[in-house]
Amino acid sequence: MAKKQKYYVVWEGISPGIYISWDDCQLQIKGHPTAKYKAFDSLAEAEYAQKRNYFEFVKKSSSNASISSESKENIVKDSISVDAACSGNPGLMEYQCVETASKKLIFHQGPFEQGTNNIGEFLALVHALAMLQKLNNDHTSIYTDSVTAMSWVRNKKVKTNLALSSKNKVLFDLIGRAENWLKNNKFQNKIIKWNTESWGEIPADFGRK
């Protein structure tokens, strides 16, 4: 599987902005004495970061390493984690859910043809919510590293530029079912943004970076 799409924010460089490849990002920072840049997992995260201060997103210095380590204590123990992987954009997409603490697999779906990572993250969230509802579980939290998927769940609507085709019709059927589920069901389970910066990759990560 190919690596996930990354979005590179350049705050200070030859031409500040958001770049979708590391090569293009390097052209903006190479030789620049005060270059400031960082990679993000989604366009929404990159756009949010671009409007804010670079120092809000950089890792703690080595002298403050204990702060980052201690922050892991804030991870909710009663939780599960979801993630998606996509080979290309669009491409073969799959998603999965694991127990956050043990990384024990709870479910895995795919691969689906002509999907996107954000769609996979969204479907994983709704799948997890529906599963917890069937178990009469309204207390377990769900971690995701996708702010885009979180917004789609919040708005009960997927906003994607992906075009419907014969190859991804099954995927669009799943999207429709997920949207309908959100419109017709209520849930109390918290959806929480995984703090990749402090905690490392989300436990459900496919490990293909």
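The values are calculated or read from the model by the stated rules, or taken from the named source; none is laboratory data. Source: prediction; values computed, not measured. FYI the Cβ positions are ideal-geometry reconstructions off the backbone, even for glycines, and counts take in every protein chain you see. The accessibility values were calculated without ligands, DNA or RNA, using every heavy atom of the protein model including side chains. Shrake-Rupley method; radii C 1.70, N 1.55, O 1.52, S 1.80 Å.
Here are the numbers for the structure shown:
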{"item": "Phi to ³J(HN,Hα) by Karplus 6.51 cos²θ - 1.76 cosθ + 1.60 over the stretch 179-185, Hz, x for Gly, Pro", "result": "4, 5, 4, 5, 6, 10, 9"}
{"item": "Contact order relative to length of the chain, as percent, for alpha carbon pairs under 8 angstrom and 6 or more apart", "result": "22 percent"}
{"item": "Antiparallel DSSP beta bridges within the chain, percent to nearest 5", "result": "80 percent"}
{"item": "Those trypsin sites (Lys or Arg not before Pro) in the stretch 95-171 that DSSP places in a loop and that have at most 15 other beta carbons within 10 Å", "result": "Lys103, Lys104, Lys156, Lys157, Lys159, Lys167"}
{"item": "Of Lys156/Lys190; Lys134/Lys186; Lys6/Lys38; Lys6/Lys157, those spanning more than 19 Å from alpha-carbon to alpha-carbon", "result": "Lys6/Lys157"}
{"item": "Three-way shape call for the chain based on the alpha-carbon gyration tensor, with the a/c threshold at 1.5", "result": "oblate"}
{"item": "Per residue value of the accessible surface for the chain (all protein chains in place, 1.4 Å probe), Å²", "result": "56 Å²"}
{"item": "Heavy-atom accessible surface of the chain: percent carbon and sulfur, 1.4 Å", "result": "49 percent"}
{"item": "For the stretch 1-53 versus the stretch 124-149, the gap between their alpha-carbon centres in whole angstrom", "result": "30 Å"}
{"item": "J(HN,Hα) series, the stretch 20-29, from Karplus relation 6.51 cos²θ - 1.76 cosθ + 1.60, nearest Hz, glycine and proline x", "result": "9, 9, 5, 4, 5, 5, 4, 4, 8, 10"}
{"item": "Label-point separation in nm, Ser166 to Lys30, each point 7 Å along Cα→Cβ", "result": "4.4 nm"}
